[in-house]
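The values are calculated or read from the model by the stated rules, or taken from the named source; none is laboratory data. Just so we're clear, the structure is a prediction, and the values are computed from it rather than from any experiment. So basically every Cβ, Gly included, is an ideal-geometry build from the backbone, and we count neighbours across all protein chains shown. What goes into the accessible areas is simple: the full protein's heavy atoms, side chains included, and nothing from ligands, DNA or RNA. Shrake-Rupley method; radii C 1.70, N 1.55, O 1.52, S 1.80 Å.
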Amino acid sequence: MNTNQARQTRLAHDVRKEELLRAVIDVCAQEGISKLSVSNITKHVGCTRSLFYHYFPNKEAALEAALDYTIDAFIDRLRTWNANRTRGDIEGALDTISALLRSMVLQTPDLPKSIAIGGDAILYTDFVHRVAERCARYICDSTVVEFQRYHEVLIDHVFETFYVLISGLIMFIRSHPYTSTEVIKDIIASTLHIEGFTAKYASRNPECPAPA
């Protein structure tokens, strides 16, 4: 098999797997997570059970992979935010990340919404853990690294702080959906000790000289 054929085979493999993951999400959204089964998944795709088992050992593994697939979309939105923010505009970054986080929670994709509606607290908690873990890792490896080039990081346990912040905000916004982006922004800024970079709390900016 030449390089082109190998690539086409890999792409076909990826497409079929993605179809199965989309089917998991659609079945959960349309029938509820309690109705998820290998038969429902394969019927939705129009494929054989043997094809399903080529990719996943059971429906639980497919659900786990579908959760990761959903989180991949969250990370993609974070990457877009990070690429589009204006370097040095910390307040602008806070404004946009607050709006993004709020929309990610309130405009919940089908799969986590199905978990929440289905009342599976353990699975939903695991989903929040995964989101917080991966988002915190991404921010620490990208945004925080750039911030450190120009400013002092005023928090200890950076990853842990981001993890707690993200998971806490997800749960808070979900239970308080009318919370404004301004409140979310204040929570993020004060938790990270960067509120001094905002107009509202400019007097707290650690990089401004103290008054004589």
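Points worth noting:
- Single condition Ser190 does not satisfy, out of (1) at pLDDT below 95; (2) exposed (fewer than 15 other Cβ atoms within 10 Å of the Cβ); (3) at negative phi: (1)
- Every residue from region 162-183 that is without any contact (Cβ under 8 Å) to a residue 40 or more places away in the chain, farther than 22 Å from Thr143 by Cβ and of a type outside the set (Phe, Trp, Tyr): Ser175, His176, Ser180
- Taken over region 134-166, the criterion of being closer than 12 Å to Thr191 by Cβ and open to solvent by less than 80 Å² (accessible area, probe 1.4 Å) is satisfied by Leu154, Ile155, Val158, Thr161, Phe162, Tyr163, Leu165, Ile166.
- Test: residue in region 13-28 that is touching a residue at least 24 places away in the same chain (Cβ under 8 Å), among the hydrophobic types (A, V, I, L, M, F, W, C), part of a helix (DSSP H, G or I) and open to solvent by 20 Å² or more (accessible area, probe 1.4 Å): no
- Residue satisfying condition, being surrounded by fewer than 19 Cβ atoms within 10 Å (Cβ to Cβ) and at pLDDT below 90, within set Thr42, Thr108, Thr80, Thr86: Thr108
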